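Novice: Can you keep this structure in mind? I'll have questions shortly.
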Amino acid sequence: MKIAQIVSLEESVPPQSKNGLEFVVSWLTEELVKRGHKVTLFAPANSKTKAKLVSIFPHGTVEIKKMVWGWRKGVFSEWNTAKAMSKQKEFDIIHTHTGTIFQFAPFINKPIIYTTHGPCSDGFRKKYLSQKKYQKYFKFALEQYRKINYVNISQHQQNDFLKCKKYYFKKHTTIHNGIPVEKFQFNNNPENYLFYLGYINQDKGADIAVRIAKKLKMKLILAGGVYGQEKFFKEKIKPYLNKNIKYIGPVNFQEKVKLLKNATALLNPVAWHEPFGLVPVEAQACGTPVVAFNKGAMLEIIKHNKTGFVVENEKEMIDVVKNINKINRKDCREWVEKNFSVEKMVDEYEKLYKKLIKK
């Protein structure tokens, strides 16, 4: 099959020092190429891929500190999608990982798949779509939205999007993200520390992680970028830092794997309904159990009492960390191998591609 893969221009594929959807797109793209498909990736020029790379900018716009020529950063991603659409005749199917596809939908005559990596924003539905006085004005836009084949990355996320089924969410399925399990080294003999990996902010629960480590009197390593949350870091994180609780900043892929595999457990005290959660899956691939709050897709990606614990509050999190050695690290690895491999993810995307191309 001839497949277009489109991302925003925020980050290279794969990203340099963060986790996220660009890793998933990279793993998906490389496996499709390995299977003999002709894939074109529309991404920043510093991306690394065996697919054909088409770029309109040398690097991710995250590196732009201010507007360029009066353009907001999002304009680059819109032009990236426009570039892909100008070549649509070259493809059997168009797979996008960015919402910039919608305004081009009227001009596309190929099947479109949109993987929804982010949460469903329900404000637009509540304020406009559900109000009869506005519905006639959105008729044209919603006709375009209905053309899209949506892929949700968890059942929890799909349940959120189903609130919009009355208006546009007509064609949809769920495909969990997959990771290259072989790149995450299994370790059955961890060191004695807890690990937190993610943005240093309240949504990700970095403040909860440091409080739990302090109460447990355990070592904790925090890794991840602050990214505009300097006030939060100063007030909620810095007062807890000492010889046992350390903040090391962002880490690259190799550093991440080393820290994950050697941790006693990964703390994932997310305070929002995260649509998926790559880090918990990556931790389990290394054999490291995950302790998470019951938010978003956590119960889909963690097998409670088998590969970690999904709890309701800080007290419960403290209690289960005390019993973390009850988790068999081999069970964590096997869980990911069976359910969250790149091969499984790509198998499901291939089935969807073929189904849509035949229509």
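The values are calculated or read from the model by the stated rules, or taken from the named source; none is laboratory data. On a predicted model such as this, the values are computed, not experimentally measured, just so you know. Note that we place each Cβ from the backbone using ideal geometry, even for glycine, and neighbour counts take in every protein chain shown.
Novice: Filter the stretch 205-256 for residues that are in a helix (DSSP H, G or I) and of a type in the set (A, V, I, L, M, F, W, C) and give the result.
Specialist: Ala206, Ile208, Ala209, Val210, Ile212, Ala213, Leu216, Phe232, Phe233, Ile237, Phe253
Novice: Can you tell me which residues in the stretch 333-359 are β-branched (Val, Ile, Thr) and surrounded by fewer than 16 Cβ atoms within 10 Å (Cβ to Cβ)?
Specialist: Once the filter is applied, which keeps residues that are β-branched (Val, Ile, Thr) and surrounded by fewer than 16 Cβ atoms within 10 Å (Cβ to Cβ), the stretch 333-359 yields only Ile357.
Novice: What's the number of the condition Leu241 fails, among (1) among the hydrophobic types (A, V, I, L, M, F, W, C); (2) crowded, with 17+ Cβ neighbours inside 10 Å; (3) touching a strand residue (DSSP E or B) at 6+ places or on another chain (Cβ under 8 Å)?
Specialist: Unmet condition: (2).
Novice: Ok, one more. Just the residues that are of a type in the set (D, E, K, R), in contact with a Lys or Arg (Cβ under 8 Å, 6 or more places away or on another chain) and touching a residue at least 40 places away in the same chain (Cβ under 8 Å), please, taken from the stretch 125-177.
Specialist: Arg125, Lys163
Novice: Still on this structure: Among what's in the stretch 1-30 and is closer than 19 Å to Lys354 by Cα and among the charged types (D, E, K, R), pick the residue that is nearest to the chain's Cα centre (by Cα).
Specialist: This residue is Glu30.
Novice: When the stretch 31-54 is examined, which residues are found to be of a type outside the set (A, V, I, L, M, F, W, C) and touching a residue at least 24 places away in the same chain (Cβ under 8 Å)?
Specialist: The answer is Glu31, Arg35, His37, Lys38, Thr40, Pro44, Asn46, Ser47, Lys48, Thr49.
Novice: Would you please name the residue that is farthest from Ser154 (Cα to Cα), looking only at residues in the stretch 304-330 that are among the basic types (Lys, Arg) and surrounded by fewer than 19 Cβ atoms within 10 Å (Cβ to Cβ)?
Specialist: Just the residues of the stretch 304-330 that are among the basic types (Lys, Arg), to begin with: 306, 315, 322, 326, 329-330.
Now restrict to residues that are surrounded by fewer than 19 Cβ atoms within 10 Å (Cβ to Cβ): 306, 315, 322, 326, 330.
Values: Lys306: 20, Lys315: 27, Lys322: 30, Lys326: 28, Lys330: 24 Å.
By that ranking, first place goes to Lys322.
Novice: Quick one: in the stretch 31-46, which of the residues that are farther than 22 Å from Gly74 by Cβ and not in a strand (DSSP E or B) is farthest from the chain's Cα centre (by Cα)?
Specialist: My answer is Gly36.
Novice: Which of the residues that make up the stretch 177-189 are surrounded by 20 or more Cβ atoms within 10 Å (Cβ to Cβ) and in a loop (DSSP other than H, G, I, E, B)?
Specialist: If the condition is that a residue be surrounded by 20 or more Cβ atoms within 10 Å (Cβ to Cβ) and in a loop (DSSP other than H, G, I, E, B), then Asn177, Gly178, Phe184 are the ones that fit.
Novice: Oh, and also: Taking the condition of being outside any loop (DSSP other than H, G, I, E, B) and either within 19 Å of the chain's Cα centre (by Cα) or of a type in the set (A, V, I, L, M) (or both), how many residues in the stretch 161-176 meet it?
Specialist: Here the count works out to 5.
Novice: Oh, and also: Quick one: is Ala82 in the same structural domain as Tyr353 (by TED's automatic domain parsing), surrounded by fewer than 23 Cβ atoms within 10 Å (Cβ to Cβ), touching a Ser or Thr at 6+ places or on another chain (Cβ under 9 Å) and assigned to a loop (DSSP other than H, G, I, E, B)?
Specialist: Here the answer is no, as Ala82 does not meet what is asked.
Novice: Scan the stretch 190-204 for residues that are outside any strand (DSSP E or B) and under 23 Å from Lys326 (Cβ atoms) and jot them down.
Specialist: Listed by number, the residues that qualify are Pro190, Glu191, Asn192, Tyr193.
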